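Report on the structure given below.
Just so it is clear, none of the values below were taken in a lab; they were calculated from the coordinates. Remember, predicted model here, so these are calculated numbers, not experimental data. Heads up, the Cβs are rebuilt from the backbone with ideal geometry, glycines too, and the neighbour counts pull from every protein chain shown.
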């Protein structure tokens, strides 16, 4: 079933899981042969435009929202975030997004792009554990996760989204995938330059957790193993990691493994059993189940789609 949401979930997103507190988490539905990117234009609901759902929810992909005009308000992890003209809002995987209880979108016009790292060459083979420190994603890591576009640059921002939407509407064009990747990268670089200097200080404990995951993810390690290696109980460390990153410990282990799985599928012809053994997964059958649950397609179909040009 399709889903649309604040800040970038899209018609091609579907329910992935429901957290213990009842929060639904939506995933990107992969369409073979097309880049994992979608653009949504948000219009004033008073004039029949698109409206975000009221129920808080999370995504397992990245999204960026640019407000052209009007006003509104959303919540991100329970904190209110007003929407004002010229603002760019970055929403990371795992953050809980919703409308404020009395929110209205008044003559609101905005653009939202949702994407997975595979769409950006600079991120496609980068460990998700290093995203917070990657310059292309600086706005996602910068404090409140939003910046303001100078008035003189706002026409150019709108033009970038229009051009990106046009390329996505015409996947049959020569080098359409490359055009989408280039346009998205330009948007992310422009957003990164809005991040205040020095606004993100690394979290020492989260860095220790990520270092441990990086060292062990190729083995059949569990969240409990990582917690014990750092001297914590699994429940306590999972809670801390979720509070500080928006995602539980096990999701970070899975995300790291899936990034390596995608790299091996894209860059090699290794059988699935070998890919599984090199990424801490039990066997090919388990890899297929986890990959399908995460991306809505099989590893082999995904591999073929990456080689279609």
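Brief remarks on what is shown
- On the principal axes of its alpha-carbon atoms, segment 226-275 has extents of 40, 21, 12 Å, going from largest to smallest.
- 222 nm mean residue ellipticity, helices alone, for the chain (DSSP H n ≥ 4; -39,500 (n - 2.57); rounded to 500): -11500 deg cm²/dmol
- Crossing angle, helix 284-295 versus the chain [Cα axis fit, 0-90 degrees, rounded to tens]: 10 degrees
- Residue order for 185, 130, fewest other beta carbons within 10 angstrom first, comes to 130, 185.
- Under the criterion of Cα pairs below 8 Å and six or more residues apart, the relative contact order for the chain equals 17 percent.
- On full extension, the segment bounded by residue 186 and residue 285 gains 31.8 nm, given 0.36 nm per residue less the C-alpha separation.
- From least to most packed, judged by other beta carbons within 10 angstrom and beginning with the fewest, 68, 163 follow the order 163, 68.
- Gyration tensor verdict on segment 135-286 (Cα atoms; rounded if a/c is under 1.5, prolate if a/b is larger than b/c, oblate otherwise): oblate
- Rounded to 10°, Cα long-axis angle of helix 234-245 versus longest principal axis of the chain: 30 degrees
- Exposure proxy order (Cβ contacts within 10 Å, fewest to most) of 285, 63: 285, 63
- For the chain, the longest principal axis of the Cα atoms and the long axis of helix 154-168 meet at an angle of about 50 degrees.
- If you wrap the tightest convex hull around every Cα atom of segment 13-192 and split its volume per residue, you get 124 Å³.
- Reciprocal mean inverse distance between Cα atoms of segment 204-306 - Kirkwood radius, Å: 14.2 Å
- Cα centroid of segment 52-83 to Cα centroid of segment 279-299, whole Å: 31 Å
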